[in-house]
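The values are calculated or read from the model by the stated rules, or taken from the named source; none is laboratory data. Everything numeric here is computed off the predicted structure, so don't read it as measured data. Here the Cβ positions follow ideal geometry from the backbone for every residue, glycine too, while neighbour counts run over all protein chains shown. Just so you know, the surface numbers come from the protein's heavy atoms only, side chains and all, with ligands and any DNA or RNA stripped out. Shrake-Rupley method; radii C 1.70, N 1.55, O 1.52, S 1.80 Å.
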Amino acid sequence: MEELTTTKTGVPNIPNVNDINQLRNLCRDILEPLREKLGCPLIVDSGFRSQAVNEAVGGVPTSQHLLGQAADIHSTVQTSRIWDAINFLVINGSLNIGQCIWYRKSQFVHVSLPTKTHNREFIIKNK
């Protein structure tokens, strides 16, 4: 849980019970299968965000981070390998995601749980 709630903003970032349950789902359904597929550690740059933390980092008001449903990750491997692994797992039906956004310049990938609004969205941003 610490990995998914740590922030460098200095702003309180305490998830409620619902947020914690969503973070568990995120770990079980996305992060752990992805770690297993890659065979290397995933580093969580941002998981749950309180409203204050989300504002401090410039997150959008509708961010799934606010609900414990998203994580920004990188690894010891190239970010393109994370992207490729997620694509492979989704195509073969062993991973269901809401969003997968590859931020090329920043070298991280945003992954989220599926919702009514976000289901199997793959986006590349040059930020």
Worksheet entry | Debye, to nearest 20: dipole size of segment 81-127, +1 on Lys, Arg Cβ, -1 on Asp, Glu Cβ | 220
Fill in: Span from the segment 40-95 Cα centroid across to the segment 1-29 one, whole angstrom
12
Practice prompt. Sort 122, 108, 48, 88 from largest to smallest accessible area, using a 1.4 Å probe on the heavy atoms of the protein chains.
Written response: 88, 122, 108, 48
Worksheet entry | Sequence-distant residues sharing a close amide H with residue 45 (under 5 Å, placed H) | 72, 73, 74
Practice prompt. Could you order 127, 37, 105 by accessible surface area, starting with the largest, using a probe radius of 1.4 Å?
Written response: 105, 127, 37
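Ordering 2, 32, 121 by accessible area with a probe of 1.4 Å, largest first, what comes out?
2, 32, 121
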Discussion item. If I fit a long axis through the Cα atoms of helix 79-91 and take the longest principal axis of the Cα atoms of the chain, what angle between them do I get, 0 to 90°, rounded to 10?
Written reply: 70
Worksheet item: Under a straight-distance cross-link criterion of Cα-Cα below 17 Å, which aspartates and glutamates are reachable from residue 37, leaving out those fewer than 8 residues away in the same chain?
Response: 29, 84
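Which semi-axes, in whole Å and largest first, does the equivalent ellipsoid of segment 33-93 have when worked out from the alpha carbon gyration tensor as the square roots of 5 times its eigenvalues?
Listed largest to smallest, the semi-axes of segment 33-93 are 26, 13, 9 Å.
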Discussion item. Under a Cβ-only charge scheme (Lys and Arg +1, Asp and Glu -1), can you give me the dipole magnitude of the chain about the Cα centre, in debye to the nearest 20?
Written reply: 340
Worksheet entry | Under 19 Å from the Cα of residue 105 - lysines, other chains or at least 8 residues apart | 125, 127
Worksheet, complete the sentence: With the 1.4 Å probe rolled over protein heavy atoms, the chain has an accessible area per residue in Å² of 55
Response to the item:
Semi-axes of segment 54-127 from the Cα gyration tensor (sqrt of 5 times each eigenvalue, largest first, whole Å) come to 19, 17, 10
Worksheet, complete the sentence: One would report the Cα pair-distance distribution of segment 1-110, bin width 10 Å, in %, as 15, 48, 32, 5, 0
Discussion item. Angle check, please: helix 17-26 long axis (alpha carbons) against the longest principal axis of the chain (alpha carbons), in degrees 0 to 90, nearest 10.
Written reply: 20
Fill in: Antiparallel content of DSSP bridges confined to the chain, in %, to 5
70
